[in-house]
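Taking it in order: structure first as structure tokens, then the write-up.
Any read-out appearing in this document is the output of simple, stated calculations on the displayed coordinates, not a laboratory observation. Remember, predicted model here, so these are calculated numbers, not experimental data. In this analysis, Cβ positions are derived from the backbone assuming ideal geometry, glycine residues included, and neighbour counts consider all displayed protein chains.
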Amino acid sequence: MKRQNVRTLSLVVCTFTYLLIGAAVFDALESKEEERRDQLLRVSSNALKRKYNISNDDYRMIELVIIEYKPHKAGPQWKFAGAFYFATVVLAMIGYGHSTPVTAGGKAFCIGYAV
């Protein structure tokens, strides 16, 4: 194998490994907070339903209107697949801004990871 091919392959392997490590760390730092926020949202929605006597069908209709108004995220953001996507965006320095860490540890790691 040519020396240039070995270098290229090494760079690809190192980059992919770096992405996997970054995704694993973001997953570990952010997924529990995301689950906690999701649970809080469920509790809040149930409280709203009880307080204003909203049926599940009416609540789903209101929810649908709000989701259509605001772009919808497809599934949990900080599970490994979403974290891998975020790590790729950070590494590529694209920074779409639609996903950001919310925990202090996630923010600190993101700064170091991007550098």
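Using θ = phi - 60° in the Karplus curve 6.51 cos²θ - 1.76 cosθ + 1.60, the 3J(HN,Hα) couplings for the range 56-61 round to 4, 5, 5, 5, 5, 5 Hz; x is entered for Gly and Pro.
If R0 is 30 Å, the Cβ-Cβ spacing of A114 and R50 corresponds to a FRET efficiency of close to 0.10.
Taking each DSSP H run with n ≥ 4 as -39500 (n - 2.57) and averaging over every residue of the chain yields -26500 deg cm²/dmol at 222 nm.
Based on the mean of other beta carbon atoms within 10 Å per residue, what is the order of 100-109, 40-49, most packed first? Intermediate values should be presented prior to the final figure.
On the way: 100-109: 15.3, 40-49: 11.2.
The most tightly packed comes first, giving 100-109, 40-49.
Quick one: helix 3-52 against the long Cα principal axis of the chain, what's the angle to the nearest 10°, folded into 0 to 90? Its long axis makes an angle of about 10 degrees.
Directionally averaged projected area (the chain, Cα convex hull): 9.5 nm². With respect to the chain, whose longest principal axis is taken over its alpha-carbon atoms, helix 104-114 is tilted by about 30°. Ranking L29, C14, Q39 by Cα position along the charge dipole of the chain, where only Lys, Arg, Asp and Glu carry charges on their C-beta atoms, puts C14 farthest toward the positive end.
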